[in-house]
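Visitor: Take this structure first; my questions come after.
The values are calculated or read from the model by the stated rules, or taken from the named source; none is laboratory data. As the structure is a computational prediction, the values presented were derived from the model and not from experiment. As a convention, Cβ positions derive from the backbone with ideal geometry for all residues, glycine included, and neighbour counts pool all protein chains shown. Just the protein is used for accessible areas: all its heavy atoms, side chains included, with ligands, DNA and RNA removed. Shrake-Rupley method; radii C 1.70, N 1.55, O 1.52, S 1.80 Å.
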Amino acid sequence: MEDAELIACPTCDLLHRVVPVPEGGRLRCRRCRTVLMTNRAGAIDRTLAAAFGSVILMVAALTFPFLELSVVGLHRNATLLDAALAFTSGLVVPLSAATALLIIVLPVLRACALAYTLLPLRLGRAPAPGAEAAFRLAAHLRPWAMAEVFLIGVVVALVKIGGMAEVNLGPAFWAMAGLVVLVVYEGTALDEWSIWQTLERSRTV
């Protein structure tokens with residue numbers, strides 16, 4: 001049996017023979033039940049839509065106000081960058097830089113890498129140069145794009161300060177919420193194994 005006919009479980013490393021997966025079906029690990037392969041109709045279309053939507057929503061989140069705080073008659077608008085770079089002096093500067101990287105740069109970079117990889121395939125063309133590297137980058141960035149963690153932290157902080165100040169959620173907050181929904185949706189639609197197989201077949205044609 002050739003290596004190309006095998007797939008390893010990413011959780012327990014058990015090897016499985018690759019078999020055709022019916023549309024709407026899933027191939028699970030026999031040992032730990034981790035999903036190995038899926039066959040969802042329109043997976044590339046959904047992933048592309050989520051990737052483009054993520055970039056658009058991030059642009060909106062960076063453009064519009066994120067929060068508006070009112071304390072004893074004083075008003076202040078905060079953008080997403082203000083929230084991410086709240087500490088720009090002292091020993092916590094690396095923390096601000098890491099926050100901006102995790103909630104802004106990496107999600108956009110991952111969405112662009114997915115679009116770069118999948119758009120030529122969707123249009124029926126040969127993969128773009130470096131498509132494999134771009135798709136590998138998108139897979140590696142998936143655990144590190146933490147917009148949802150940031151948003152949960154913001155909600156917790158707002159609950160704590162709600163009694164001390166009047167807080168209004170700006171359009172950028174809802175744009176980030178929509179981005180989180182799209183990221184989750186993209187994660188359920190994308191079948192990495194199928195994309196790798198499509199890229200390999202396209203290169204050999």
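Visitor: Cβ-Cβ under 9 Å, sequence separation 6+ or interchain: first residue in region 4-16 and closer than 18 Å to Thr198 by Cβ, partner acidic (Asp, Glu). Which pairs?
Guide: Listed by first residue and then by second, the contacts come to Ala4/Glu200.
Visitor: Tally the residues that are under 21 Å from Gly178 (Cα atoms) and open to solvent by 70 Å² or more (accessible area, probe 1.4 Å), restricting the search to region 113-143.
Guide: Number of matching residues: 2.
Visitor: Would you mind stating whether Phe66 is within 21 Å of the chain's Cα centre (by Cα) and over 22 Å from Ala157 (Cα atoms)?
Guide: On the way: within 21 Å of the chain's Cα centre (by Cα): yes; over 22 Å from Ala157 (Cα atoms): no.
Spelling it out, it is not the case that Phe66 is within 21 Å of the chain's Cα centre (by Cα) and over 22 Å from Ala157 (Cα atoms).
Visitor: Right, here's the next one. For region 41-73, enumerate the residues that are over 22 Å from Ala147 (Cβ atoms), part of a strand (DSSP E or B) and of a type outside the set (Ser, Thr, Tyr).
Guide: The one that is over 22 Å from Ala147 (Cβ atoms), part of a strand (DSSP E or B) and of a type outside the set (Ser, Thr, Tyr): Val71.
Visitor: Another question, then. Restricting to region 1-21, count the residues that are assigned to a loop (DSSP other than H, G, I, E, B), within 24 Å of Thr117 (Cα to Cα) and open to solvent by 40 Å² or more (accessible area, probe 1.4 Å).
Guide: 3
Visitor: Considering only region 53-87, how many residues are over 30 Å from Leu119 (Cα atoms) and either among the β-branched types (Val, Ile, Thr) or touching a strand residue (DSSP E or B) at 6+ places or on another chain (Cβ under 8 Å) (or both)?
Guide: Of the residues in that region, 14 qualify.
Visitor: Scan region 135-172 residue by residue and report those that are over 14 Å from the mean Cα position of the chain (by Cα), small (Gly, Ala, Ser) and in a helix (DSSP H, G or I).
Guide: Gly153, Ala157, Ala172
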